[in-house]
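Every number here is computed from the coordinates shown, using simple stated rules; none is lab data. Bear in mind that the values here come from a model prediction, so they are computed numbers and not experimental data. Glycine also receives a Cβ, built like all others from the backbone with ideal geometry; neighbour counts cover every protein chain displayed.
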Amino acid sequence: MTGEKDGSFPNGLKDILEQEFLIRENWNKEKLVRAAKALEGYENVKEFLERTGWGRDNPECMTEEYLTENRICRWVGDRFFYFSKILYEEEA
């Protein structure tokens with residue numbers, strides 16, 4: 001997948017994390033629950049920027065191109081997903 005508005009994920013969350021965010025783990029139920037809490041979907045880039053305040057903290061890094069190329073956010077189906085590594089690691 002390329003972070004575009006297409007693709008399917010037969011293994012759901014695990015596939016999204018591995019293919020879109022390049023997160024490799026020895027997945028177990030606890031890690032998947034933590035990951036689900038750290039993954040947030042938005043309708044579009046604008047909603048992501050507004051709801052998270054990303055642009056206030058990172059004004060030079062707020063274009064869709066930057067966010068998707070650096071795998072901060074990814075298009076999965078018709079949703080723009082953000083995976084917070086900070087939230088994921090805090091739960092550990």
| What order, most packed first, do the peptides 69-75, 23-29, 41-47 have when packing is the mean number of other Cβ atoms within 10 Å of each residue? | 69-75, 41-47, 23-29
| Taking Cα atoms, how many degrees apart are the long axis of helix 29-38 and the longest axis of the chain, rounded to 10 and kept between 0 and 90? | 10
| region 17-59: radius of gyration over Cα atoms, expressed as a fraction of 2.2 N^0.38 Å | 1.44
| note | In nm, the gap between the two label points placed 7 Å beyond Cα toward Cβ at E43 and M62 is 1.9
| query | Label points 7 Å out from Cα along the Cβ direction at E90 and E50: separation in nm? | reply | 2.4
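Kirkwood-based Rg over Rh for the chain (C-alpha set), two decimals? Can you show the working numbers first?
Numbers: Rg = 12.9 Å, Rh = 13.5 Å.
The Rg/Rh ratio comes out at 0.95.
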